[in-house]
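Structure first, commentary second.
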Amino acid sequence: MSDKVTINQIRRMKKEGRKIAALTAYDLLFGLFLDEAEIDLVLVGDSVGMVFSGYESTVPVTLDEIIYHSKAVRRAVKRAFLVADLPFMSYQISPEEALRSSGRLMKECGAEAVKLEGGSEYAETVRRLVAAGIPVMGHLGMMPQSVNQLGGYKIQGKDAAAAEKIVEDAKSLEQAGAFAIVLEKIPAGLAGRITRTLTIPTIGIGAGAETDGQILVTHDMLGLFEKFQPKFVRRYANLADSIKSAVKSYVADVKAGQFPSEEESF
Ligand code: KIV
């Protein structure tokens, strides 16, 4: 296995034109799988609320839930750079609240960075976190924690004014000290423009191919989460089908008295 990925390597990858591959994990097993497959960055995303806990959005996710999942992932991930999401209302209230929440993610879970959604309105918060030694990843474009404000999971930055606001927000996060920015569900051309404007890496999800890296929700790309499939997700496996078929075979074997066999008995 190659060397531990650090924040410096993530920064260097942009400079050297090497793409950053990132995925989400919420538990030990997926942490192990991703780390063994040499992913660069693992995010304990608040998407856990939708694909693990069954919430309708990421809004109900609590800091304690992210802490619980981050601890499990940390026990597995030894090589990749580990980022934990700041969930809704764990950082919006004040920079002090953001420091307190981020401090817990770093101290209790061993997160190497935190991620927060929002632009220039959080520049001061980002500055305070970075000054305290907490690396921050920004998140712009479609920000799922603001789904109620946005009126759905719609593509963002489509008109000139909205695009300009995202570019300015990205610059503001960079100036505040963010080490990278997730760009979610924005036009590919806009993501390319932001990527060329910034010196810090951009990591896209539904933002085209011109970003410095890509991230997907692991449960989506493995075909585990079937409730909906965003257009930007490429399915690399169909694990839900494999699991259902394996369980069906087990049920059939048990019902038919074909499991366990003599070799599987004592
Ligand atoms: O919560 C999450 O998983 C995310 C990624 C999709 C970027 O924010």
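The values are calculated or read from the model by the stated rules, or taken from the named source; none is laboratory data. The structure presented is a predicted model; accordingly, all values stated were derived computationally and were not measured. Reconstructed Cβ throughout: ideal geometry from the backbone, glycine too, with neighbour counts over all protein chains shown.
Observations on the structure shown:
- Conditions (1) out of contact with any helix residue (DSSP H, G or I) (no Cβ under 8 Å at 6 or more places or on another chain); (2) over 18 Å from Thr218 (Cα atoms); (3) buried (at least 17 other Cβ atoms within 10 Å of the Cβ); (4) not charged (D, E, K, R): number failed by Gly103: (3)
- Residue pairs whose Cβ atoms lie under 7 Å apart, sitting 6 or more positions apart in sequence or on different chains, and linking a residue in the stretch 202-221 that is in the same structural domain as Leu43 (by TED's automatic domain parsing) and touching a residue at least 40 places away in the same chain (Cβ under 8 Å) to a partner that is within 9 Å of the ligand (Cβ to nearest atom) and outside any strand (DSSP E or B), are Val217/Gly45; Val217/Ser47; Val217/Val51; His219/Val51.
- Arg234 meets all of the listed conditions (1) of a type in the set (D, E, K, R); (2) outside any loop (DSSP other than H, G, I, E, B); (3) within 30 Å of Pro187 (Cβ to Cβ) but one, namely (2).
- Residue within the stretch 169-185 that is among the hydroxyl-bearing types (Ser, Thr, Tyr) and over 23 Å from Gly31 (Cα atoms) present: yes
- Of all the criteria given as (1) touching a strand residue (DSSP E or B) at 6+ places or on another chain (Cβ under 9 Å); (2) not in a helix (DSSP H, G or I), the one not satisfied by Ala209 is (1).
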